Amino acid sequence: MKNVIILSFGELWLKGENREHFIRQLLGNTKKAIEEFNATIKRTDGSVLVCGYNPDDEQDILRNLSLVFGYSKIVKAIEVDADEKKILDAVVKQLADISKPITFKVQTKRTDKTFPKTSPELNGIVGHKVLTTYSHFTVEIHNPELVVGVSIKQNKKAYISFGEEEAACGLPVGVSGAGLSLLSGGIDSPVASHQMAKRGLEIVYINFESFPYTSLQAKQKVLDLAKILKPATLSKILIYCNIKEIQETLNKNTDKKYAVVLTRVLMARICDEIVRNPKLLEERISNKKLLPKNKLSMLITGESLGQVASQTIENLTVVNNAIETIFIRPLIARDKEEIIKIAKKIGTFETSIKPYEDSCTVFAPQHPITKAKQKDVDLELARIDAETLIKNALSTLEIVEI
């Protein structure tokens, strides 16, 4: 009899011919999540078993596994041989510490059809054993306080469990390509990155700083957010790009009410260059293992429609028109309370609200344009040498391992 953890596949079962590719990626991600522990990962009957670990490490392993996208359920279980007596003995032993009156039911799943008892028959046998052993247990089929799970697998083992937890769900990170995520120090962008990783996207972060207008604490805050997200997103690098010259030039040469939308246009063009020119990263990274395995193909931002002046349909459209790369905005229809709720759940909220301002606040106008027209934006851009500013900004790229 030994402790194991059972991880159930989520929507991977819907993937048809691509299923094996998704599962291989998921198994690799699972291995990374618990590589610090001496544990074994085995695939069996539509699930993954984690076993062979030190029981003292179980809670830490469970915490790490709960962040791995691709599983729907996590179950702590006891493994025994698929033998009726051993199953009954294990159930009785595991319930011995429950002294108060409690309702229960038995739920058997039998993927090994050669096991001599059907699932309903084993439900009755186990239930009868519990009732005759412990007088304070009562059967309740519809709403029990405790579900005794018995899973008979094709490996001739039985797994006894007493409840399950919801896992991270989603798709394994890496199966949906890669994207460049604009990570600020605010609440929204870390949530957007997390939500796209949940859909299987490999995430590379970029942060636009304006040192010395923005502080080193603000820069560190962004790295801290990336580190908080890493167990879920598996991201390896954060790119810093200094846009001080861009913001100084816009403030001096353009209509100040266009400062925000023009800055976002130029930020988008910088990101577009990085996505379309892989050598910009390859030439700056000596450890090639840090590079994304997939080719960057999209940009991710934490924008929510109408949340602030820069996030109107008109302004978002102007930014979209500035580049070839597709923009993905996973939070576009969420309100602030919904975003904050997710931020608290994934652990980024407390860091995001630390009072270190990001580059968005530099030279920010009191009354920014909210419905920018393309022709007017083009006229403002004509007042500056955008190509040189973008080139200079790209020369400041600093890549940090998370």
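The values are calculated or read from the model by the stated rules, or taken from the named source; none is laboratory data. Model, not experiment: these values are computed from the prediction. Cβ coordinates were reconstructed from backbone atoms using ideal geometry, including for glycine residues, and neighbour counts include every protein chain displayed. To get the accessible areas, we keep the full protein, side chains included, count just its heavy atoms, and leave off ligands, DNA and RNA. Shrake-Rupley method; radii C 1.70, N 1.55, O 1.52, S 1.80 Å.
Listed by first and then second residue, the pairs with beta-carbon distance under 7 Å, at least 6 apart or on different chains, first residue in the range 178-192 and farther than 16 Å from Ile339 by Cα, second basic (Lys, Arg) and open to solvent by 20 Å² or more (accessible area, probe 1.4 Å), are Ala178/Lys295.
Among the residues of the range 236-268, which ones are assigned to a helix (DSSP H, G or I), charged (D, E, K, R) and surrounded by fewer than 21 Cβ atoms within 10 Å (Cβ to Cβ)?
Selection gives Lys244, Glu245, Glu248, Lys252, Lys256, Lys257.
Against the numbered list (1) in a loop (DSSP other than H, G, I, E, B); (2) hydrophobic (A, V, I, L, M, F, W, C); (3) modelled with pLDDT of 95 or more, Phe211 comes up short only at (3).
Residues being farther than 30 Å from Thr30 by Cα, in contact with a Phe, Trp or Tyr (Cβ under 8 Å, 6 or more places away or on another chain) and modelled with pLDDT of 95 or more are entirely absent from the range 63-83. Strands (runs of 3 or more DSSP E) fully within the range 1-79 that include at least 1 residues being crowded, with 19+ Cβ neighbours inside 10 Å: 2-9, 47-51.
For beta carbons closer than 9 Å, sequence separation of 6+ or different chains, a first residue in the range 47-63 that is under 18 Å from Ala168 (Cβ atoms) and hydrophobic (A, V, I, L, M, F, W, C) and a second that is part of a helix (DSSP H, G or I) and open to solvent by 30 Å² or more (accessible area, probe 1.4 Å), the qualifying pairs are Val48/Leu27. Report yes if some residue within the range 377-393 is among the hydrophobic types (A, V, I, L, M, F, W, C), open to solvent by 30 Å² or more (accessible area, probe 1.4 Å) and over 30 Å from Glu283 (Cβ atoms); otherwise report no. Scanning the range 377-393, I find at least one residue that is among the hydrophobic types (A, V, I, L, M, F, W, C), open to solvent by 30 Å² or more (accessible area, probe 1.4 Å) and over 30 Å from Glu283 (Cβ atoms), so the answer is yes.
Here Val173, Val204 are screened, and the one residue that is assigned to a strand (DSSP E or B), within 13 Å of the chain's Cα centre (by Cα) and farther than 30 Å from Asp83 by Cα is Val204.
Listed here are the residues, each with its yes/no results for (1) under 31 Å from the mean Cα position of the chain (by Cα); (2) polar (S, T, N, Q); (3) at pLDDT 95 or above.
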site	(1), (2), (3)
Ile346	yes, no, yes
Phe349	yes, no, yes
Pro355	yes, no, no
Asp376	no, no, yes
Leu381	no, no, yes
Ala386	no, no, yes
Asn392	no, yes, yes
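Name the residues in the range 303-328 that are in contact with a Gly (Cβ under 8 Å, 6 or more places away or on another chain) and modelled with pLDDT of 95 or more, would you? Correct list: Ile328 only. For the range 116-146, the set of residues classified as open to solvent by 50 Å² or more (accessible area, probe 1.4 Å), hydrophobic (A, V, I, L, M, F, W, C) and in contact (Cβ under 8 Å) with a residue 12 or more places away in the chain consists of Val139, Ile141, listed by residue number. Annotation note: Cβ proximity below 7 Å between a residue of the range 87-104 that is farther than 21 Å from His142 by Cα and a residue that is open to solvent by 40 Å² or more (accessible area, probe 1.4 Å) (sequence gap 6+ or interchain) occurs for Leu88/Lys129; Ala90/Met1; Val92/Lys129; Val92/Thr133; Gln94/Phe162. The single condition among (1) within 24 Å of Pro355 (Cα to Cα); (2) open to solvent by 10 Å² or more (accessible area, probe 1.4 Å) that Arg284 does not satisfy is (1).
Screening Ser151 with (1) over 23 Å from Tyr71 (Cα atoms); (2) among the hydroxyl-bearing types (Ser, Thr, Tyr); (3) open to solvent by 10 Å² or more (accessible area, probe 1.4 Å) gives one miss only, at (1). Residues in the range 174-192 that are among the aliphatic types (A, V, I, L, M) and open to solvent by 10 Å² or more (accessible area, probe 1.4 Å) were compared, and the one that is farthest from Thr325 (Cα to Cα) is Ile187. Within the range 357-375, the set of residues being under 15 Å from Asn320 (Cα atoms) and open to solvent by 60 Å² or more (accessible area, probe 1.4 Å) comprises Lys371, Lys373, Gln374, Lys375.
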